[in-house]
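Below: the structure, in C-alpha cells.
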Amino acid sequence: MTSITTQTRSVVVERDIAHPPEKLWRALTQPHLMEEWLMKNDFKPQVGHGFQLRGEWGGVLDCEVLAVEPNKTLSYTWNHEHPDPAYALRSVVTFTLTPTATGTHLRVEQAGFHPDQKQAYGGAHAGWKAFLGNLDQLLDRLD
C-alpha cells in the first residue's frame, strides 16, 4: 500500500504598522483603497462573496471571501488558473490584525503552495513584501 502525502507551504509576512486596526481594516476591505496597494477588484467584505483581483500584468485571480471579523481577521481564496501546474495556484490568504501599543501587528499568510511551485512561492514572498510596502504608503496618506 502506498500513501501519498501532499505537503503544502505557506508564505508568511509580518510587520508592525503605526496605525490603528480600524484604519488598516479600511485599507484591507474597501475596493478603491485595495486597488491602491493590491490590485483592481470587485471585493465586498461578505463571507461567500466571489470577486476577482486583476493584476497589472493582465492576470486574473478568482477569489471568494471565507472569513470576515472586522478589525481582526480577513480570509479569502486566491486562485490563479494557469496551463503550467508550476504556476497554477489554489491558495488561501489570511490577514490577522492584532492591536499593539503603537498601532497594529499585521500577519499575512498565503497557504497552499505545493513543493514543485518554487517560483510561485518565491514570487508570493516578494509580492507580499511589495504589496505591504504599498499599503504602508497608502496608510500614511489616509486620514
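Computed values, structure above
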{"item": "Which label in (1) 39, 14, 14; (2) 27, 17, 15; (3) 35, 16, 11 gives the computed semi-axes √(5λ) of the Cα gyration tensor in Å", "result": "(2)"}
{"item": "Pairwise centroid distance, computed over Cα atoms, of segment 82-143 with segment 18-78, Å", "result": "12 Å"}
{"item": "Table column - 3J(HN,Hα) (Hz), segment 77-89, Karplus curve with 6.51, -1.76, 1.60, x for Gly and Pro", "result": "6, 9, 10, 10, 7, 7, x, 8, x, 5, 10, 5, 9"}
{"item": "Distance in nm between pseudo-label sites at Asp136 and Thr100 (7 Å out along the Cβ direction from Cα)", "result": "1.2 nm"}
{"item": "Relative contact order computed over the chain (Cα-Cα under 8 Å; 6+ residues apart), in percent", "result": "28 percent"}
{"item": "With Cα atoms, 0 to 90° folded angle of helix 118-141 axis to the chain main axis", "result": "10 degrees"}
{"item": "For Ala88, distant residues with modelled amide H under 5 Å away", "result": "His82"}
{"item": "Stretch gain in nm, segment His82-Val47, where the contour uses 0.36 nm per residue and the Cα spacing is subtracted", "result": "10.0 nm"}
{"item": "Stretch gain in nm, segment Arg26-Val12, where the contour uses 0.36 nm per residue and the Cα spacing is subtracted", "result": "2.9 nm"}
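Read-outs throughout are calculated quantities, based only on the coordinates presented, and are distinct from any laboratory measurement. Everything numeric in this text was worked out from a predicted model, so none of it was measured. Note that we place each Cβ from the backbone using ideal geometry, even for glycine, and neighbour counts take in every protein chain shown.
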